[in-house]
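J.: One structure, pasted below without further comment.
The values are calculated or read from the model by the stated rules, or taken from the named source; none is laboratory data. As the structure is a prediction and not an experimental result, all values here were calculated from the model. Counting neighbours? That spans all protein chains shown, and the Cβs are built from the backbone with ideal geometry, glycine included. The accessibility values were calculated without ligands, DNA or RNA, using every heavy atom of the protein model including side chains. Shrake-Rupley method; radii C 1.70, N 1.55, O 1.52, S 1.80 Å.
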Amino acid sequence: MDRKTVDFEASRSKDASSDSLGSDSKSSSLNSKLGQESASSGKVSYTSASTTSIGNMMTAADKLRSKQPSIVEPGQPASRPDDPPLLPGEKVMGVAREVTYLCPYSGPARGVLSVTNYKLHFRSMDRDTPYVVEVPLGVVSRVEKVGGQSSRGENSYGIELFCKDMRNLRFGHKQENHSRRNVFEKLQQYAFPLSHKLPLFAFDYSETFPENGWNALEPIAEFKRMGVPNDMWKITKINEHYEICDSYPAVWAIPAAATDDDVRAVAGFRSRARIPVLSWIHPESQATICRCSQPLVGVGGKRCREDERYIQLIMDANAQSHKLYIMDARPSANAIANKAKGGGYESEDAYQNAELVFLDIHNIHVMRESLRKLKELCFPNIEESRWLSGIEATYWLKHIKYILAGACRIANRVETHKTSVLVHCSDGWDRTAQLTALAMLLLDPYYRTIKGFEVLIEKEWLSFGHKFQQRIGHGDDHHSDADRSPVFLQFMDCVWQLTQMFPNAFQFNETFLITILDHLYSCRFGTFLYNSDRERVQENVKQRTVSLWSYINSSIDNYRNPLYLPRPGVLEPVGSIRLISLWKGLYCRWNPGMRPQDPIYQRIRELLVLKEQLEKQVDECKQEQKARVSRNMPTPPRLASPVHS
Amino acid sequence: MFKTHDKRVSMSFRSYVGFNDQENKDVDIGLEENFDETLNTRLLAGEAVVAEAQNVLMFAPLSEKKGKSGILTVTNFKLSFVTTEERPRDERGLQENLLLGEYDVCLANVDEIYQMIDKDKRRKMMPGNNISGKVKGLYIVCKNMRVIQFSFKFSPVGHGKTLTNALLHHAFPRKHHLLFAYDFRERYYNSQGPVTMFNEKKDWEKEIRRTGAVGWKLSDVNQGFQLSTSLPQCLVVPDALVDYQLTEAARHFRCNRPPTWCWSSSHGAALVRMADLLPTITDSRMLVIQPSVIRHSGLSNIIPETRTPENIMLENVRKGHPQRTQPELMELTQDLPSPKDVYGSYCKLRDLCTPDNVRQFWIQDNHFLSQVESSKWLTTVSACLTKAAKAATFLQDNITVVLQEADGRDMSCLISSLTQLLVDAHFRTILGFQTLLQKEWIAMGHPFCSRLGHILNPEVQQSPILLLFLDCVWQLLRQFPSAFEFTETYLTTLWDCAHITVFDTFLFDCEHERQNASQDQSKKITLRSLWDWGEQFLEKDIALFRSPLYHPSKSEAVLNVLCSLPNLALWSQCFFRWIPILELKAGGYPQIDLGVRALHAQIDYLREQLAEAKAGERTSNHRLCAKLSKQRVTSFFPFSATIDPVISPALLNSTLALNNSFVSNEALLDSQSLLNAPD
């Protein structure tokens, strides 16, 4: 995208009188924005993905190149009017004509279905205003053929797609000539490239942005922001080559008194060597949030003196309290059950002055099932009479409540009791990430800014090895893989709940959250690829793909909350179902019968525009006056207004 | 103990993970200080103390372990609690009622009285009964879902019993003239402003002119309430109708309520309401055709011989349409819940919003959504909105709508006024809304006295139809925030005020009763309109009635409301404000409301600056970095009961005067400080 486009986007977002907000809040960032954006970038597509500029900062050469007319891919037909708009690096792979999109809301529409290496694109031909459906193929979890050559009935023959973003799409094809064969194959290939030995689209995508999102998190700088290193905490590069723990980041902060040998010993006693390290430290009390995995206690109740001493060091690093809370995210029954597999939890006998608390958050399988039920409830049609009890029966909000309540409890111990908290679950990469990240969001206003939130995701989720590849299942066709689970989605839902409870505490808006979730699946950006830092370094993800934050930070105004008031202090949410609501703007967004939730923001943006205009006018007026004065031409005579300086 | 809200105290917080943490910590009653004998209940002119109990402890439920000590009084107006621990008025930042103290409840607001048996056990007491034994404490549930608990543990012997018996009698009077409005002796200078009351002919004339209605005329047939006691004296009826026809027809309708006009669109379609036909009509020809049959067959097919009085009336309504289009008859009795059903829903909802203790609160939390569903409250809201939206669609299609309901005095009021809010922006202003309530509810005889339960009468059905309406309006506010001049605080306040028996607005069952009462020399009553808001509230509170988001020119002429349940929400301000657990510090909708008010203040200030600059004046040095006050409001603002926010009056008063919008620097400072306020 060239400068102009960026400016255009920025100015568009400022133009509150346009309807941009309406569509923003509906927030199919993939559906609405993508269209505009690609339209403006035209048919620019690069010959190959090898045109990598380091970290995609825009070089002069890039700028030049992007201004050139479209470079047509060899073998690709010249662009035709019904071709979908393409992103740089995107190619049309298959087209099917006379396809019927069976919209569950507005009925069947006939048109053209195109499949690219990034998305599915349908454009209706039989309606006055063309009707476009776009789905990035990364969102697709399953593609199936519906009906066979002998199927009877209109539109009984075709393709059905099951998506990770709460929708299914159905297309009807003509029964003659195997009309669906080609697109079906292409869909299979490009929705599940890894299963077909193809690269993910992120490695072909070659758009450049003025901002480089790969710099969002500088670990040392982030520690410094929190005042680390200090007397009690040091930074260690013992895991620089991911040798101690392959799912942890390269740089850790650990108690200053801990030796390398301690670290190695503790690593042996913690599941997957995920030892307790610092996530956050209170700027005043020095109370900390640390994270780890479960201790390898096992049925025999094994102990590890180094681990016990190491935990004592964490406690001692906080002079304000002689106690430490160990928050085990699991229900206690699950924690006990883990002993059979060699895991378990810290016994209060072995860990003096530690108080163990179970937070009753269920595992990834329970959460996956809960979301499945929620999808059944929300898509395509809502059964009104059982809506509320239906929501209750999914348990989705109850899970959200327990996660929020857990985070709230952690924040409370740190803030009010000035006591350090150690958080873990089983492996410490799912529920633990939810809890530490949310607690940090409650405690530290920095994470409530757009850039701060990016840091939070980079740090607590990506660098600490939340297994995005496994949990989302990027590019593979194992749709029923038991490792898939909406853990990150739940976290984002919790964040949204907080933005609803505290409407002016966050710099970002709902569009920001939905955009992140859309690209969690889309595979357009490298951000959420792979399971750990080690894998991302190995695959040169930073060099070979674009960061989602490059895209977002380059049009940051779209994501601002007009009501944001930066202010210090802790957020104190209440974990009651009475204050937790279903995120309809996300889960029900495909249903045109649901109104976007925040018409208020449109009015506020109008007022902000008015305010900006007035400020400008006042400034101009003052400038003009100054100019007059300097030209020694007094302002029009007004006796009552002597000029003071 | 309440006054010293140290900043650090408010920084500390407790998470409500489950009730295990804090349940059942003994509700210990500690005596903080000696009871102050010099406390006095503040009395209004004409108010008299009936009973008093000293050394009473008051508890706000779910919140405080420690009670406040003071004197509890029953007067002919209120249940009053005064305490030395009361916060100074200006520090509260919450809505103040000039007639009631912070812990006072008007007797008409008292819904249920329980006697405390044990810590968590209580027994309901029946109105009018006498208690002979010792009373340990009282647990009172109000009609606006407020709950207050008192303990007589430290009261002198007998005080509890005396007070309870007085309350059981005076909170449930059996005669209308026992309501406080008849005793209130304060001089009244009417300053309610230009609300049209619809109790005079000229008011209806004005409304006909305003809507440009043609085909309709004023009729004096109900002068002296000769035709119907529940209708206004001046009726608007089809042009073609002569008075004797109307008189003849009226007797066939319940409550003698034939079709009368409410509103007309600019194209001529009218909104009309009428009661059901009486089932006792013996004429067989008239029994043949039920309204539902008419609806399905279409009126034009009716053979003249089988015309019922209803059909004759509807034919006249049709003639009132400029294109003689058939009117659409909308049946409300069948399709919408009865007042009794609404009351049942409300009771279930009230139980959900008035948990006994923290433990019950968290137990309810586990099944809250299905319990809300089984209360059917939101289903009813949805049904009302759907009906009104349908009526609005017909009106838009230039088809006259006739609302028909049993007596035509409950759902007709609700649907008729809700429909008008959808189609006529005039009613979305504060003045317009009050006018609408006067027209469709008060003049048209919604039985407020019965439905609000002002009088103890087992014959009549208590039912919060008004609350249901206000909730429907709140759903509109939520979907169209800039279309309404008033705020949800206004609506909530309106519901609170429906239970204050000082004003006549919601005091009578119909205009006829009001007139009789005002003319009765034996028991004089001064009519005071609720719309005279200055009688109850200070400017700072009235300012909060006006929405900073209101932008009439940008809002749609006809509101296309989404009525399905998933698009609706529970009205948290009105229903949750007495549950302290749910209060969010620095959270909730008030942040948006006050944020936009601050924005308006800044815009006003900039306009002033610009005007000065254009006039060639040097702008004065604005001292933007003046002291930053610690202003913070909670999600319950302005109904917060636990935290003391301080909102600058300047901010509230000035910023919404959008047209004459020059705000003092001081106001800007205040808004700035609000914006920059640290915690």
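J.: What spacing in nm lies between the two simple spin-label points modelled at A:LEU198 and B:LYS217, each 7 Å away from Cα in the Cβ direction?
T.: It works out to 8.0 nm between the two label points.
J.: Next up: For A:THR116, what residues show an amide H to amide H distance below 5 Å, using hydrogens built from the backbone and excluding near sequence neighbours?
T.: Those qualifying (amide H under 5 Å, at least 5 residues apart or on another chain) are A:MET93, A:HIS121.
J.: Counting partner chain Cβ atoms within 10 Å of every residue's Cβ in A:407-414, what's the average?
T.: Average per residue, whole number: 3.
J.: Show me the trypsin sites (Lys or Arg not before Pro) within the range A:102-136 that DSSP assigns to loop and that have at most 15 other Cβ atoms within 10 Å of their Cβ.
T.: A:ARG127
J.: Write down the Kirkwood hydrodynamic radius of the range A:83-192, to one decimal in angstroms, obtained as one divided by the mean of 1/r over all alpha carbon pairs.
T.: Across the range A:83-192, the inverse of the average 1/r is 13.9 Å.
J.: How large is ³J(HN,Hα), in whole Hz, for each residue of the range A:611-622 in order, when computed from phi with the Karplus curve 6.51 cos²θ - 1.76 cosθ + 1.60 and θ = phi - 60°, using x for Gly and Pro?
T.: 4, 4, 4, 4, 4, 5, 4, 4, 4, 4, 4, 5
J.: Moving to a separate point now. In whole angstrom, note down how far apart the Cα centers of the range B:507-554 and the range B:395-417 are.
T.: Using only Cα atoms, the two centres lie 25 Å from each other.
J.: Tell me, rounded to the nearest percent, the portion of alpha carbon pairs in the range B:96-229 spaced more than 21 Å apart.
T.: Tail of P(r) above 21 Å: 62 percent of Cα pairs.
J.: Which trypsin sites (Lys or Arg not before Pro) does the range B:492-567 hold that lie in a coil by DSSP with at most 13 other beta carbons within 10 Å?
T.: Qualifying residues, ordered by number: B:LYS523, B:LYS524.
J.: Further question: Mind checking which lysines have their Cα closer than 19 Å to the Cα of B:LYS585? Skip sequence neighbours fewer than 8 apart in that chain.
T.: Excluding near neighbours in sequence, the set is A:LYS401, B:LYS3, B:LYS7, B:LYS630.
J.: If you bin every alpha carbon distance in the range B:49-172 into 10 Å steps from zero, what whole percent lands in each bin?
T.: Going from the shortest bin to the longest, the percentages are 13, 49, 32, 6, 0.
J.: Next question. Can you give me the distance in nm between label points at B:ALA240 and B:ILE131, each placed 7 Å from the Cα along the Cα-to-Cβ direction?
T.: 6.4
J.: Pairs to check: B:LYS143/B:LYS376; A:LYS584/B:LYS340; A:LYS398/A:LYS584; B:LYS66/B:LYS153; A:LYS234/A:LYS418; B:LYS202/B:LYS439. Give those whose C-alpha atoms are more than 23 Å from each other in this structure.
T.: A:LYS584/B:LYS340
J.: Quote the FRET efficiency, to the nearest 0.05, computed for A:ASP231 versus A:LYS302 with a Förster distance R0 of 22 Å and r equal to the Cβ-Cβ distance.
T.: For R0 = 22 Å, the calculated efficiency reads 0.10.
J.: How are the alpha carbon pair distances in the range A:213-600 distributed across 20 Å bins from zero to the largest one, expressed in percent?
T.: Pairs per bin, as whole percents: 28, 60, 11, 0.
J.: Hey, can you grab everything whose amide H is under 5 Å from the amide H of B:LEU235? Only 5+ residues off in sequence or another chain; H modelled, so Pro and N-termini drop out.
T.: B:SER219, B:VAL221, B:ASN222
J.: Go through the range B:149-155 residue by residue and turn each phi into a ³J(HN,Hα) via Karplus (6.51, -1.76, 1.60, θ = phi - 60°); whole Hz please, and just put x for glycine and proline.
T.: 10, 10, 10, 9, 3, 9, 7
J.: Return the long-range amide H neighbours of A:ALA256 (sequence gap of 5 or more, or a different chain), with a cut-off of under 5 Å between placed amide H atoms.
T.: Distant-sequence amide H within range of A:ALA256: A:TRP233, A:LYS234.
J.: I would also like to ask the following. Counting partner chain Cβ atoms within 10 Å of every residue's Cβ in A:599-605, what's the average?
T.: The mean count of partner-chain Cβ atoms within 10 Å per residue comes to 6.
J.: For the range A:179-299, which whole-number percentage of the solvent-accessible area (1.4 Å probe, protein heavy atoms only) is attributable to carbon and sulfur atoms?
T.: Of all accessible area on the range A:179-299, carbon and sulfur atoms account for 49 percent.
J.: Along Cα→Cβ, 7 Å out, is where each label goes; now give me the distance between the ones at A:LYS611 and A:ASP557 in nm to one decimal.
T.: With each label point 7 Å from Cα toward Cβ, the separation is 1.6 nm.
J.: Run through the range A:150-198 and list the GluC sites (Glu not before Pro) located in a DSSP loop whose Cβ has at most 12 other Cβ atoms within 10 Å.
T.: Answer in residue order: A:GLU154.
J.: Read phi for every residue in the range B:213-229 and hand back ³J(HN,Hα) as whole Hz from Karplus 6.51 cos²θ - 1.76 cosθ + 1.60, θ = phi - 60°, with x for Gly and Pro.
T.: 5, 10, x, 10, 9, 7, 10, 9, 4, 9, 4, x, 6, 6, 7, 9, 6
J.: Tell me: how much accessible area in total is hidden between B and A, 1.4 Å probe, Å², nearest 100?
T.: Adding both sides of the contact gives about 6200 Å².
J.: Related question: For B:ALA611 and B:GLN323, FRET efficiency with R0 = 56 Å and r from the beta-carbon atoms, rounded to 0.05?
T.: 0.60
J.: For A:SER151 and A:GLU383, FRET efficiency with R0 = 35 Å and r from the beta-carbon atoms, rounded to 0.05?
T.: The pair A:GLU383/A:SER151 has a calculated efficiency of 0.80.
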